[in-house]
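The values are calculated or read from the model by the stated rules, or taken from the named source; none is laboratory data. This one's a predicted model, so the numbers in the text were calculated from it and none came from an experiment. With ideal geometry, Cβ positions are generated from the backbone for all residues, glycine too; neighbour counts draw on all protein chains shown.
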Amino acid sequence: MTGLDPDDWDELRGLGHRMLDDMFDHLAGLRDGPVWRKLPDDFRAGLRDQPLPTAPTAPQALYERFRDQVAPYATGNTHPGFMGWVHGGGTAIGMLAEMLAGGLNANCGGRDHAPVEIERAVIGWAAKIMGFPADSSGLLVTGSSMANLIAVITASRATPNGASLRQQGVGGRRLVGYAAETAH
């Protein structure tokens, strides 16, 4: 690839089909393997300390590195026996949905296109399920970490009792967060 478009669409299509089939095989065979594999220390150092690439790498070679060096040492959350941490397990359908979303690369910050309307519908459904007012708004994000970050930033900018930082200065009412000592 010398530009943004592939030199050979058929070759890229073949690689894409191989990636998809390999990931389906990976997900289908999870039950037969360990929940998690420890990343060997020497291998970890090799990943971390690799030099900055100064030339393009062929997509096939990058995929082979992913397949051989990344996929075997993933978080483990896609395994049905995974009981660590609280995050989604990932699904084959979710993987396909991510492919479609990545292919469109839609900016849902507004404007007039179908992905924006889908996002608005999903936010409306969530509001209805949770008993929020029909005119509620929301934001779809990539996961709980981003949602928590946005919640903290939003709370820090909220104006307690209608007073603003400009009116009260930094000595005014301060935002306080509460968490159990086991919070992480």
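With (1) assigned by TED's automatic domain parsing to the domain that holds LEU27; (2) not in a loop (DSSP other than H, G, I, E, B) as the list, and SER156 as the residue in question, which single condition is left unmet?
The failed condition is (1).
Name the residue, out of GLY103, GLY138, GLY124, that is modelled with pLDDT of 90 or more, assigned to a helix (DSSP H, G or I) and more than 30 Å from MET23 (Cβ to Cβ).
Result of the check over GLY103, GLY138, GLY124: GLY124.
Determine, yes or no, whether GLY88 is surrounded by fewer than 12 Cβ atoms within 10 Å (Cβ to Cβ) and either within 30 Å of GLU11 (Cα to Cα) or modelled with pLDDT under 90 (or both).
yes
In segment 29-52, what count of residues is obtained for those that are touching a helix residue (DSSP H, G or I) at 6+ places or on another chain (Cβ under 8 Å), of a type in the set (A, V, I, L, M) and part of a helix (DSSP H, G or I)?
Adding up the residues that qualify gives 1.
Residue check, VAL170 against (1) farther than 30 Å from MET23 by Cα; (2) β-branched (Val, Ile, Thr); (3) outside any loop (DSSP other than H, G, I, E, B), all met but one. Which one?
In the conditions (1) farther than 30 Å from MET23 by Cα; (2) β-branched (Val, Ile, Thr); (3) outside any loop (DSSP other than H, G, I, E, B), VAL170 misses (3) alone.
For the subset of segment 137-156 comprising residues that are within 15 Å of GLY88 (Cα to Cα) and without any contact (Cβ under 8 Å) to a residue 12 or more places away in the chain, which member is surrounded by the fewest Cβ atoms within 10 Å (Cβ to Cβ)?
THR142
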